[in-house]
1. Starting from 0.36 nm per residue, how many nanometres of slack lie between Lys145 and Ser208 once their C-alpha separation is accounted for?
2. Ranked from highest to lowest mean number of other Cβ atoms within 10 Å per residue, what is the order of the peptides 206-212, 174-180?
3. Suppose the chain between Lys56 and Asp272 were pulled fully straight at 0.36 nm per residue; how much longer would it get relative to their current alpha carbon spacing?
4. How big is the gap, in Å, between the Cα center of region 79-128 and the Cα center of region 142-216?
5. What is region 218-302 by shape, rounded, prolate or oblate, if you read a ≥ b ≥ c off the alpha carbon gyration tensor as root eigenvalues and call it rounded for a/c under 1.5, prolate for a/b larger than b/c, and oblate otherwise?
6. Can you pull the one-decimal nm distance between simple spin-label points at Lys181 and Val108, each 7 Å off the Cα toward Cβ?
7. Sort 194-201, 79-86, 139-146 by packing, meaning the average of other beta carbons within 10 Å per residue, with the highest value first.
8. Let me have the relative contact order for region 218-302, percent, based on Cα pairs under 8 Å that are six or more residues apart.
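Only the coordinates and a few stated rules stand behind these numbers; no lab work does. Just so it is clear, the structure is predicted and the values come from calculations on it, not from any experiment. Methodologically, a virtual Cβ is constructed for each residue, glycine included, from the backbone with ideal geometry; neighbour enumeration extends over all protein chains shown.
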Amino acid sequence: MIATQRTLNNLVLLAAAAFTLSAGTSAFAAEMGGNAASAKGLPTPAAAAKDERVKKAGSHEISQRRQSLSKEAILARDEILHAIFYLDKKDTKEAFKMLEKADGQLGVLLVRDPNLKLAAIDVRASIFDLENSSESIHKAIKDAKFALDKGQIQMAREMLSPLTSEIRIYTDYLPLEIYPKAIKRASAAIQESKPEVAVTILADALGSIVTDEDVIPLPPMKAEGDVLEAELLFSKDKVKNKDKVLSLLNSADAHLANAKELGYGEFQGIRDEIASIKSKLDLSKPNLFDQIKNLFHYKTYDKKA
């Protein structure tokens with residue numbers, strides 16, 4: 001019961017925050033083409049990311065996925081939070097109105113697509129930008145294996161936890177098979193003078209939000225950036241920029257070595273092509289970088305797969 005009460009108290013605080021933000025949400029949503037989630041302080045890629053390309057990639061991924069957010073589902077979720085806020089204030093009349101609005105928003109959504117099961121309501125990203133060498137990564141893995149052999153599971157876990165270099169994209173979805181029914185049940189509870197029951201129903205509904213996680217490995221992305229920069233310098237002046245081009249190609253290879261150590265893939269074909277390019281920098285071969293550019297297709301991993 002204590003845990004349940006804490007959960008309800010947290011939901012009330014969320015509802016109060018949503019209610020406070022509601023006035024600013026409309027103006028911002030209009031500016032963003034109806035994307036109300038942006039007004040909720042949508043997280044941006046972590047400032048800790050050391051590579052500007054990484055930050056841009058994270059921002060690009062969020063921008064692309066924002067296009068799939070459902071304005072109606074976002075507003076319905078917010079109205080439910082408002083309803084909880086009013087129920088906590090014993091204002092069942094306003095709470096009932098909020099639920100009517102939420103029901104209307106979801107109704108519009110389902111009329112448009114009766115078979116829709118999940119509606120996207122939020123997207124955010126976390127960036128874990130590891131800059132260690134493949135040697136230090138290998139050593140950490142070796143030390144973790146040693147700790148495991150000694151039965152020191154938590155120590156091994158602590159050693160392995162930092163070995164991450166990726167963008168994680170989280171997308172929250174409203175389950176449309178649950179929310180309309182929950183709204184109707186909560187509305188009925190309000191009419192029966194059972195506000196506590198209504199809050200519990202709405203809390204359960206909020207707890208059913210589905211979160212999908214996709215992962216984009218950073219090492220191959222950085223390697224591609226190095227290769228593209230090397231190509232640009234090579235095209236400008238292959239003699240003057242030779243040392244810089246070699247440095248960038250070595251950097252790209254190092255990133256791919258890290259990718260292998262971190263378990264993101266082998267990338268041996270790309271590494272072989274990098275070695276081939278390095279051996280031909282003194283030749284006047286045209287389109288030297290064409291082949292390697294076709295090899296880059298860093299993958300987005302769904303952690304649920």
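1. 18.9 nm
2. 174-180, 206-212
3. Separation in residues times 0.36 nm, less the Cα-Cα distance, equals 75.0 nm.
4. What the calculation gives is 18 Å, centre to centre.
5. Cα axes put region 218-302 in the prolate bin.
6. About 2.5 nm separates the two model spin labels.
7. 79-86, 194-201, 139-146
8. Relative contact order for region 218-302 comes out at 33 percent.
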